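Below is one structure, written out as structure tokens; comments come after it.
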Amino acid sequence: MTEQRFVSPDLIRQRFSKAMSDMYREEVPLYGALMGLVEQTNRDVLAREPDIARQLDSTGEIQRLDMERHGAIRVGTAQELATLARLFAVMGMQPVGYYDLTPAGVPVHSTAFRAVHETALQVSPFRVFTSLLRLELIEDSELRAFAQSVLDQRSIFTPTALRLIAQAESAGGLDEVEAAEFVLQALETFRWHHSATVTAAQYQTLSAQHRLIADVVAFKGPHINHLTPRTLDIDIVQAQMPAHGITPKAVVEGPPRRQCPILLRQTSFKALDEPIAFTDQSDSRGSHSARFGEIEQRGAALTPKGRALYDRLLNAARDELGEFPNEANAARYNALMSRHFGEFPDSIEGMREQDLAYFRYVVTEKGHAAQGVAGASLQEHLREGHVKAEPLVYEDFLPVSAAGIFQSNLGDAAQTHYGEHSNRQAFEQALGRSTIDELGLYAETQQRSIDECLALLSHR
Ligand code: OOG
Ligand code: NI
């Protein structure tokens with residue numbers, strides 16, 4: 001009875017995602033330009049490629065396309081990460097996946113907060129790539145202690161946000177008035193601040209250790225550093241960016257262009273220098289660059305077997321290139337990627353037969369009209385055309401791509417080698433819970449669709 005008055009977490013997330021986009025559009029005008037370019041490209045693709053339009057219509061992706069975006073933030077302490085997990089939980093977002101960025105010389109590990117059930121994703125697929133700074137990787141113990149003390153002094157959540165999180169937890173949800181207030185208060189955590197929490201000299205010291213450390217430690221909160229719209233054709237957007245005054249990174253991260261897109265392809269443009277007032281300055285004489293732009297194209301979620309093939313082909317292409325992809329070797333990198341990925345079947349049937357991707361199965365018109373087919377197997381229904389398979393869209397991230405995005409914004413000078421690597425256990429301890437295995441989620445969604453098809457057809 002009492003549950004009736006609660007706003008669904010999915011709707012809170014949908015509103016929050018919109019509020020975040022509005023705030024970022026106001027803060028970063030270039031984001032508005034990028035959004036315009038992506039919207040135009042998506043319209044063109046849908047008009048030019050009726051097959052794509054039909055497929056997106058059938059999967060329901062067409063309805064979520066315009067509101068689809070992910071943001072990224074970086075936090076400094078276990079306490080901050082754990083509270084973020086509680087804040088995102090109010091919006092129905094769970095930590096999915098564990099990403100270790102240290103092999104790429106970035107002293108963080110990360111997860112993605114997102115909705116986990118296909119019906120919730122349909123209401124709002126909003127995701128936040130969330131990184132925790134690994135202070136233990138700072139070798140200079142004095143600097144480490146300083147960074148820790150600065151972080152310990154800040155509180156990145158408003159008192160009202162904290163109160164509403166606790167309220168949602170104890171009551172089981174938020175009512176309309178509380179939900180509206182929660183969205184406003186939660187937004188404050190992600191806002192950009194023009195003043196730092198350290199002196200100019202302290203900022204320099206932190207930045208000299210690693211630019212990312214300065215970005216996390218020297219500010220009042222984990223400003224959202226990009227908000228990424230989903231495009232239907234990333235190569236077109238990449239090619240048109242310069243004409244819109246935007247300079248993209250040299251290569252598109254992820255798999256090469258294909259007929260049947262898989263996983264995730266991403267590109268970004270460099271962070272802008274923004275004026276900052278340090279604590280020993282009365283005006284914004286200093287500067288800091290953190291916020292950048294990114295776009296992405298999403299394709300099919302891969303099974304463990306498909307992912308292993310993806311990783312093998314990506315590594316083979318990169319090994320053959322022999323260095324990090326950059327401006328000078330971009331054409332060769334693209335050619336190598338296309339050649340190596342020739343081995344990856346580029347059709348829905350090919351991927352399904354080899355168990356490389358996850359699918360959602362749906363009963364076709366022919367299936368709905370069929371009689372006397374109860375008891376047939378999924379394979380038989382597929383063969384008879386009673387059921388068809390649609391790829392499940394990949395909702396997550398890729399560590400090699402994320403590293404490339406981090407790197408292109410931090411600059412080459414930031415390539416440090418860390419002795420210590422992956423530490424999921426420490427991350428989960430900081431988070432206060434375990435991260436969810438994304439592959440299990442896709443397998444469950446696929447199975448639910450199979451069960452639904454067979455249940456429907458069992459009455460025929
Ligand atoms: C996150 C970089 C990774 C992505 O989409 O893979 C990322 C960051 O710079 O904080 O956004
Ligand atoms: Ni991103």
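The values are calculated or read from the model by the stated rules, or taken from the named source; none is laboratory data. Since the model is a prediction, treat every value here as computed from it, not as a measurement. Backbone-built Cβ (ideal geometry, glycine too); neighbour counts: all protein chains shown. Please note that ligands, DNA and RNA were not included when accessible areas were found on the heavy atoms of the full protein model with its side chains. Shrake-Rupley method; radii C 1.70, N 1.55, O 1.52, S 1.80 Å.
Keeping to the range 342-352, report how many residues are open to solvent by less than 40 Å² (accessible area, probe 1.4 Å) and outside any helix (DSSP H, G or I). Residues in the range 342-352 being open to solvent by less than 40 Å² (accessible area, probe 1.4 Å) and outside any helix (DSSP H, G or I): 2 in total. Taking the range 249-285 as the range and being away from ligand 1 (no atom under 16 Å from the Cβ) and among the charged types (D, E, K, R) as the test, the residues that pass are Arg257, Arg258, Asp273, Asp280, Asp283, Arg285.
Any residue at all in the range 172-182 that's assigned to a loop (DSSP other than H, G, I, E, B), of a type in the set (Phe, Trp, Tyr), crowded, with 22+ Cβ neighbours inside 10 Å and modelled with pLDDT of 95 or more?
no
Being in contact (Cβ under 8 Å) with a residue 24 or more places away in the chain, under 21 Å from Leu313 (Cβ atoms) and open to solvent by less than 40 Å² (accessible area, probe 1.4 Å) is the requirement here; does Phe427 meet it? So Phe427 does not fit the description; no. Considering (1) away from ligand 2 (no atom under 16 Å from the Cβ); (2) open to solvent by 20 Å² or more (accessible area, probe 1.4 Å), the lone condition that Leu457 does not fulfil carries the number (2).
Only a single criterion out of (1) at negative phi; (2) open to solvent by 50 Å² or more (accessible area, probe 1.4 Å) is not satisfied by Gly322, namely (1). Among the residues of the range 251-273, those that are over 13 Å from Asp233 (Cα atoms) and within 16 Å of ligand 2 (Cβ to nearest atom) comprise Val251, Glu253, Gly254, Leu263, Ser268, Phe269, Lys270, Ala271. For the range 231-298, the strands (runs of 3 or more DSSP E) that sit wholly inside it and include 2 or more residues that are under 30 Å from Asp346 (Cβ atoms) are 264-269, 293-298. Once the range 396-424 is narrowed to residues that are outside any helix (DSSP H, G or I) and open to solvent by 40 Å² or more (accessible area, probe 1.4 Å), the residue that is modelled with the highest pLDDT is Asn423.
Within the range 193-202, which residues are touching a strand residue (DSSP E or B) at 6+ places or on another chain (Cβ under 8 Å) and surrounded by fewer than 22 Cβ atoms within 10 Å (Cβ to Cβ)? Correct list: His194, Ser195, Ala200.
Against the test of being at pLDDT below 95, more than 13 Å from the chain's Cα centre (by Cα) and farther than 20 Å from Gln425 by Cβ, the options Ala161, Ala104, Ala147 yield a single qualifying residue, Ala104.
Checking the range 115-125 against the condition returns no match, with no residue being open to solvent by 10 Å² or more (accessible area, probe 1.4 Å), under 18 Å from Gln429 (Cβ atoms) and out of contact with any Leu (no Cβ under 7 Å at 6 or more places or on another chain). Confirm whether Ala316 is within 27 Å of the chain's Cα centre (by Cα) and either within 21 Å of Asp235 (Cβ to Cβ) or assigned to a helix (DSSP H, G or I) (or both). Spelling it out, Ala316 is indeed within 27 Å of the chain's Cα centre (by Cα) and either within 21 Å of Asp235 (Cβ to Cβ) or assigned to a helix (DSSP H, G or I) (or both). In the range 204-218 there is no residue matching the filter, namely being part of a loop (DSSP other than H, G, I, E, B), open to solvent by 30 Å² or more (accessible area, probe 1.4 Å), away from ligand 1 (no atom under 16 Å from the Cβ) and hydrophobic (A, V, I, L, M, F, W, C). Within the range 373-389, being open to solvent by less than 70 Å² (accessible area, probe 1.4 Å) and either without any contact (Cβ under 8 Å) to a residue 40 or more places away in the chain or outside any helix (DSSP H, G or I) (or both) holds for Val373, Ala374, Ala376, Ser377, Leu382, Gly385, His386, Val387, Ala389.
For a quick check of your reading: which strands (runs of 3 or more DSSP E) sit entirely within the range 41-149 and have at least 1 residues that are more than 16 Å from ligand 1 (Cβ to nearest atom) and touching a residue at least 24 places away in the same chain (Cβ under 8 Å)?
Values: elements: 69-75, 94-100, 108-114, 127-133.
Here the list reads 94-100.
Quick check: anything in the range 250-259 over 19 Å from Leu37 (Cα atoms), at pLDDT 90 or above and surrounded by fewer than 14 Cβ atoms within 10 Å (Cβ to Cβ)? Yes.
Listed here are the residues, each with its yes/no results for (1) farther than 29 Å from Gly97 by Cα; (2) modelled with pLDDT of 95 or more; (3) hydroxyl-bearing (Ser, Thr, Tyr); (4) open to solvent by less than 10 Å² (accessible area, probe 1.4 Å).
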{"residue": "Arg318", "(1), (2), (3), (4)": "no, no, no, no"}
{"residue": "His340", "(1), (2), (3), (4)": "no, yes, no, no"}
{"residue": "Gln354", "(1), (2), (3), (4)": "no, yes, no, no"}
{"residue": "Gln371", "(1), (2), (3), (4)": "yes, no, no, no"}
{"residue": "Pro391", "(1), (2), (3), (4)": "no, yes, no, no"}
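Taking the range 230-249 as the range and being open to solvent by less than 10 Å² (accessible area, probe 1.4 Å) and under 18 Å from Leu272 (Cβ atoms) as the test, the residues that pass are Met241, Ile246. Total residues in the range 70-79 satisfying the condition of being of a type outside the set (A, V, I, L, M, F, W, C) and open to solvent by 10 Å² or more (accessible area, probe 1.4 Å): the figure is 3. A search for C-beta distances below 8 Å between a residue of the range 186-207 that is of a type in the set (Asp, Glu) and any residue that is not in a loop (DSSP other than H, G, I, E, B), counting only pairs 6+ apart in sequence or on different chains, returns Glu188/Ala161.
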